[in-house]
Amino acid sequence: MRYRILGATAAHDEHGAPVPVGGPRLRALLAVLALRAGRAVDSGALIDEVWADDPPHDASAALQALVGRLRRALGRAAVESAPGGYRLAVNPDDVDLHRFERLARQGTDALHAGDAAGASRVLRQALALWRGPALADLPDRTAAARPEARRLDATRARVEAELRLGHAHDLVPELWELTEAHPYDEPLYAQLIRALRDTGRGADALAAYERARCTLADGLGTDPGPELRALHQELITEPVAGADGRGRGRGRGRGAETDPPLPP
């Protein structure tokens, strides 16, 4: 069996065919067990995760009934009883979240080792496992915070790898969307500024820096950090490319004359 919790909870048999799981409580139970693949989960923790602030009157009996329904859906051997709770009998790599984390580590290690092409390939494989918000069926979103943070880390690492490979032109639209979604993320702004700079769009790079500076000041009351300040200093002390694409000339000739200005 394989389980998917990077999005709506789903199960698939050994042939890849979907296995119907049932309603939201059953999917929440499976998500909690898959999150801790192969490890016992205390009954109290299961109740807290599945029902959050609205547990039933006899929560222990309700949990037992829910486990019985999950066993009928997946097969009795899939959910094992453990001291004080239950365990999903599965190899962690058969759960998409754990497979994502393994691939994300491999890709990041490749990037640190200087293998940008390998890092890009593996990180793309990792990120392709996502189908929506992590643990989407849990009523409490607290447990999703860590995987969502790892997803953003992996995205930054993949962008860094592709910047090193010379794909700056292709990354600009994505980086704009990412900075819109994460307006206080300085590393993403730095990558956007570098991508614009490396495609000869120095004026837009300066505009992106100013947007980052204003966003940080207005939202957090802080100034840009060392990386953004260093990029800004580099931009203002060297010739800046204008709309005609002339200037620093760091781009690879793609889009310097035709790309639109940075969105407002």
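Nothing in this text is a laboratory measurement; each read-out follows from the coordinates by a stated rule. Here the structure is a predicted model, which means the values were calculated and not measured. All Cβ positions, glycine included, derive from the backbone under ideal geometry; neighbour counts span all protein chains shown.
Against the chain, whose longest principal axis is taken from its Cα atoms, helix 202-220 shows a tilt of about 50°. Between Arg69 and Glu210, the modelled labels are 5.8 nm apart [label points 7 Å from Cα along Cα→Cβ].
Take the Cβ atoms of Glu148 and Thr237, set R0 to 51 Å, and the FRET efficiency comes out at 0.85. Rounded to the nearest 10 degrees, the angle from helix 186-198 to the longest Cα principal axis of the chain is 40 degrees. Shape analysis of the chain based on the Cα gyration tensor places the equivalent ellipsoid semi-axes at 46, 20, 14 Å, largest first. Relative to the longest principal Cα axis of the chain, at what angle does helix 116-127 sit, 0 to 90 degrees, rounded to 10? Around 40 degrees separate the two axes.
The range 27-177 has equivalent-ellipsoid semi-axes of 38, 16, 11 Å, by the square roots of 5 times the alpha carbon gyration tensor eigenvalues, sorted largest first. Other residues lying with their Cβ under 13 Å from the Cβ of Ala117 contribute a combined charge of +1, Lys and Arg counting +1, Asp and Glu -1.
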